[in-house]
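Colleague: Questions regarding the structure given below will be posed in turn.
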Amino acid sequence: MGVDPAASRPDGASDRVGDGRVARIRAALPPGGGSAPRLCEVCRDLTRAAGAGVALRAPEGVLGTLCATDAVSRRIDELQFTLGEGPSLDAFASGRPVSAARLEEAAAARW
């Protein structure tokens, strides 16, 4: 799941993610936010996905994976950054969450 950190405000509101996902993720985390692996687990559980990775974009545009729930999710993030396309990159570009019910089918059609 790619979410632009600039879109999330410290008060818990979100400028661009209008469906409440960021608020649900924050509510599921312990006070102070918890660890990066816990963040990935919460994202996976709330989206009912098989796995999840959280990618961050620095102000200068450098992308990187903060955490992943498993090796497959981490590899998917690495491939996105290497190939220059994928759901995280689309999310960063659009400022909106990008979901795919079946990633292998969506990837063949979209990326």
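Colleague: Kindly sort Thr47, Thr69, Thr82 by accessible area of their heavy atoms, largest first, with the probe set to 1.4 Å.
Modeller: Accessible-area ranking of Thr47, Thr69, Thr82, largest first: Thr82, Thr47, Thr69.
Colleague: From the square roots a ≥ b ≥ c of the eigenvalues of the alpha-carbon gyration tensor of segment 25-87, which class results: rounded (a/c under 1.5), prolate (a/b over b/c), or oblate? Walk me through the numbers on the way to the answer.
Modeller: Values: a/c = 2.40, a/b = 1.43, b/c = 1.67.
Taking the square roots of the gyration eigenvalues as a ≥ b ≥ c, segment 25-87 is oblate.
Colleague: If r is the Cβ-Cβ distance from Asp45 to Asp70 and R0 is 22 Å, what FRET efficiency results, to the nearest 0.05?
Modeller: Working from the Cβ atoms, E equals 0.95.
Colleague: Rank these by accessible area, largest first, 1.4 Å probe: Phe81, Phe92.
Modeller: My answer, sorted largest first, is Phe81, Phe92.
Colleague: Which loop-located GluC sites (Glu not before Pro) does segment 27-111 contain, where loop means any DSSP state but H, G, I, E or B and the Cβ has at most 13 other Cβ atoms within 10 Å?
Modeller: Glu60
The values are calculated or read from the model by the stated rules, or taken from the named source; none is laboratory data. Because the structure is a prediction, the values reported are computed rather than measured. Note that each Cβ is placed from the backbone with ideal geometry, even for glycine, and that neighbours are counted across all protein chains shown. Calculation scope for accessible area: heavy atoms of the full protein, side chains included, ligands and nucleic acids excluded. Shrake-Rupley method; radii C 1.70, N 1.55, O 1.52, S 1.80 Å.
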